[in-house]
């Protein structure tokens with residue numbers, strides 16, 4: 001599915017705000033086909049300044065979403081790693097250490113591998129047909145646990 005960047009952010013914030021507490025973290029992926037870049041934003045539930053503070057709604061702080069981390073992947077560099085995803089934010093419970101459950105740590109090497117799976121060296125994104133295939137190339141990545 002393709003959305004504008006602004007719409008994607010609005011949708012991510014909606015999931016956090018209107019999920020009844022079932023969504024604690026949202027990862028947004030922004031893919032620029034022409035520049036061959038990927039930006040991953042991690043938004044989390046947080047207490048924020050009330051953007052609609054009025055007399056009947058005079059709370060200074062409300063529950064909302066905040067951009068907590070951004071990872072940028074370009075053909076030449078990766079910034080913002082590592083990306084740590086708390087187990088509790090994903091599964092809404094404490095990890096069971098005896099089962100090997102733990103937080104997920106997505107390293108620079110993980111991001112590099114992901115990038116090369118999205119854009120293999122043989123992929124020509126100048127061709128419209130090849131550009132459409134990008135949606136199908138996004139792999140399931142096995143992230144290391146920390």
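The values are calculated or read from the model by the stated rules, or taken from the named source; none is laboratory data. Here the structure is a predicted model, which is why all the values come from computation and not from measurement. Every residue, glycine among them, receives a Cβ derived from its backbone with ideal geometry; neighbour counts consider all protein chains shown.
Please verify whether residue 131 is over 16 Å from residue 31 (Cβ atoms), at pLDDT below 75 and not in a strand (DSSP E or B), treating the condition exactly as stated. Steps first, answer last, please.
Values: over 16 Å from residue 31 (Cβ atoms): no; at pLDDT below 75: yes; not in a strand (DSSP E or B): yes.
Criteria not met by residue 131.
Looking at the structure I just gave you, is residue 21 touching a strand residue (DSSP E or B) at 6+ places or on another chain (Cβ under 9 Å) and assigned to a loop (DSSP other than H, G, I, E, B)? Let's see the steps before the verdict.
Details: touching a strand residue (DSSP E or B) at 6+ places or on another chain (Cβ under 9 Å): yes; assigned to a loop (DSSP other than H, G, I, E, B): yes.
Spelling it out, residue 21 is indeed touching a strand residue (DSSP E or B) at 6+ places or on another chain (Cβ under 9 Å) and assigned to a loop (DSSP other than H, G, I, E, B).
Could you look through the stretch 87-122, keep only residues that are farther than 24 Å from residue 44 by Cα and part of a loop (DSSP other than H, G, I, E, B), and pick out the one that is modelled with the lowest pLDDT?
122
Report whether or not residue 35 is loosely packed, with under 10 Cβ neighbours inside 10 Å, under 30 Å from residue 121 (Cα atoms) and out of contact with any strand residue (DSSP E or B) (no Cβ under 7 Å at 6 or more places or on another chain).
On the way: loosely packed, with under 10 Cβ neighbours inside 10 Å: no; under 30 Å from residue 121 (Cα atoms): yes; out of contact with any strand residue (DSSP E or B) (no Cβ under 7 Å at 6 or more places or on another chain): yes.
No: the conditions fail for residue 35.
Mind checking which residues of the stretch 89-114 are more than 16 Å from the chain's Cα centre (by Cα) and surrounded by 13 or more Cβ atoms within 10 Å (Cβ to Cβ)?
Those that are more than 16 Å from the chain's Cα centre (by Cα) and surrounded by 13 or more Cβ atoms within 10 Å (Cβ to Cβ): 95, 101, 102, 113.
Name the one entry in 40, 73, 63 that is surrounded by 16 or more Cβ atoms within 10 Å (Cβ to Cβ), under 20 Å from the mean Cα position of the chain (by Cα) and farther than 18 Å from residue 104 by Cα. Spell out the reasoning first.
Working: 40 fails: farther than 18 Å from residue 104 by Cα; 63 fails: surrounded by 16 or more Cβ atoms within 10 Å (Cβ to Cβ).
Matching residue, one of 40, 73, 63: 73.
Within the stretch 7-18, count every residue that is assigned to a helix (DSSP H, G or I), surrounded by fewer than 18 Cβ atoms within 10 Å (Cβ to Cβ) and free of Cβ contacts under 8 Å to residues at least 40 places away in the same chain.
6
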